[in-house]
Protein chains: 2
Amino acid sequence: MTETIEVRPIGQVQAAAEGKAAEVEIYAQFLDGLEGVEQLEHLWVLYWMHELAPKDRQILRAHPMGDRSRPKRGVFALHSPMRPNPIGMTRVRLLRREGNRLVVEDLDARDGSPVLDLKSG
Amino acid sequence: MTETIEVRPIGQVQAAAEGKAAEVEIYAQFLDGLEGVEQLEHLWVLYWMHELAPKDRQILRAHPMGDRSRPKRGVFALHSPMRPNPIGMTRVRLLRREGNRLVVEDLDARDGSPVLDLKSG
């Protein structure tokens, strides 16, 4: 029940900037895992919300959308970043692949977020 | 780049059995996180594919759907359980909540899988 599981980042997010699309960079040792990805239109990106503090992982109730006028709810009923395992899920559109970099649209993750997994989606 | 991240199970999967729907059991210390979940129709369940061996995490190419007649592809272009971080995503329909247990449909996870996160979906 209290065992921990170790995950290791496979890459990281580069958020969109002025005139530049968002990118998912996959580290060189995982490059083979991208074979054929260029045929997909959409991908799920699982990432780690690295900007949260350890104490944020103890928060179990939060205001929906951070809106304090709305009553708190359990984090498992929300998309709040506060949660025991702050794993984010974002579905992106793949514009193109450039080697170990995926140029994407609709990437809802902060710059520098460690990427944990990609799946067709 | 090679830092590891620790996740801790918040519960576990009970697969459907004869005459019994699948359930997601949430451990008591995370119960507050479920507040309001009963209002949702669908949930995303993130879980750990605990039956894989450590060496399966090194596999970067696999046959789609395990079908050897189809050429191998990168695991990030697939839903193969083989992947560096074997985190599964399954979208379930919530039938009802019974305290710390969610009775669900369409739970695509093996019995006993550690649950890492739930999100509205």
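Annotations
- For the condition touching a residue at least 40 places away in the same chain (Cβ under 8 Å), within 26 Å of residue A:73 (Cβ to Cβ), facing chain A (nearest Cβ under 10 Å) and buried (at least 18 other Cβ atoms within 10 Å of the Cβ), residue B:7 qualifies.
- Restricted to segment A:50-75, and to residues there that are within 21 Å of residue B:29 (Cα to Cα) and touching a strand residue (DSSP E or B) at 6+ places or on another chain (Cβ under 9 Å), the residue that is surrounded by the fewest Cβ atoms within 10 Å (Cβ to Cβ) is A:63.
- Residues within segment B:34-59 that are out of contact with any Leu (no Cβ under 8 Å at 6 or more places or on another chain) and in contact (Cβ under 8 Å) with a residue 12 or more places away in the chain, tallied: 8
- Residues within segment B:38-56 that are part of a loop (DSSP other than H, G, I, E, B) and of a type in the set (Lys, Arg), tallied: 0
- Flag for residue B:60 being of a type in the set (A, V, I, L, M, F, W, C) and modelled with pLDDT under 95: no
- The set of residues in segment B:11-41 that are surrounded by fewer than 20 Cβ atoms within 10 Å (Cβ to Cβ) and within 16 Å of residue A:71 (Cβ to Cβ) comprises B:32, B:35, B:36, B:38, B:39, B:40.
- Residue match in segment A:96-115 (condition: closer than 30 Å to residue B:28 by Cα, in contact (Cβ under 8 Å) with a residue 24 or more places away in the chain and among the acidic types (Asp, Glu)): no
- Scope segment A:63-116; condition closer than 15 Å to residue A:42 by Cβ and either in a loop (DSSP other than H, G, I, E, B) or not aliphatic (A, V, I, L, M) (or both); matching residues: A:90, A:91, A:93, A:96, A:97, A:105, A:106, A:107, A:108
- When restricted to residues that are within 12 Å of chain B (Cβ to nearest Cβ), closer than 12 Å to residue A:11 by Cβ and hydrophobic (A, V, I, L, M, F, W, C), segment A:83-119 contains 4.
The values are calculated or read from the model by the stated rules, or taken from the named source; none is laboratory data. Computed from a predicted structure; not experimentally measured. Here Cβ is always computed from backbone atoms with ideal geometry, including for glycine, and neighbour counts include all displayed protein chains.
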